[in-house]
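The values are calculated or read from the model by the stated rules, or taken from the named source; none is laboratory data. What you see is a predicted model; the values in this text were computed from it and never measured. Cβ: placed from backbone, ideal geometry, glycine included. Neighbour counts: every protein chain shown. For the accessible areas, the whole protein counts, side chains as well, though only heavy atoms, and no ligand, DNA or RNA atoms are used. Shrake-Rupley method; radii C 1.70, N 1.55, O 1.52, S 1.80 Å.
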Amino acid sequence: TEVGDRLGLVFLLISIPALVMAPIGGAILSASGWTAVKIFGGVTCLGGSAIIFGSRLLYTKKLLMVF
């Protein structure tokens, strides 16, 4: 059941941005065009990557390579 708990938590965390980002992207598209949507997507991906990178540093006690 540990796997089920973890999957449930992941799906909970993913569901919120999945519901919110589509309307935001549509609003940006109607106001500014495709270039702005691409920039928004890129910035969002970079932000998510920074969060994952920061959590990895905290989990591994600031070591990049852990074997």
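A few remarks follow.
- Considered as a group, the residues in the stretch 51-61 that are open to solvent by 100 Å² or more (accessible area, probe 1.4 Å) and among the β-branched types (Val, Ile, Thr) include one that is modelled with the lowest pLDDT, and that residue is Ile52.
- Within the stretch 5-50, the set of residues being surrounded by 11 or more Cβ atoms within 10 Å (Cβ to Cβ) and of a type in the set (A, V, I, L, M, F, W, C) comprises Met21, Ile24, Ala27, Ile28, Leu29, Ala36, Val37, Ile39, Phe40.
- Selected residue [touching a Leu at 6+ places or on another chain (Cβ under 7 Å) and not hydroxyl-bearing (Ser, Thr, Tyr)] from Val10, Val37: Val37
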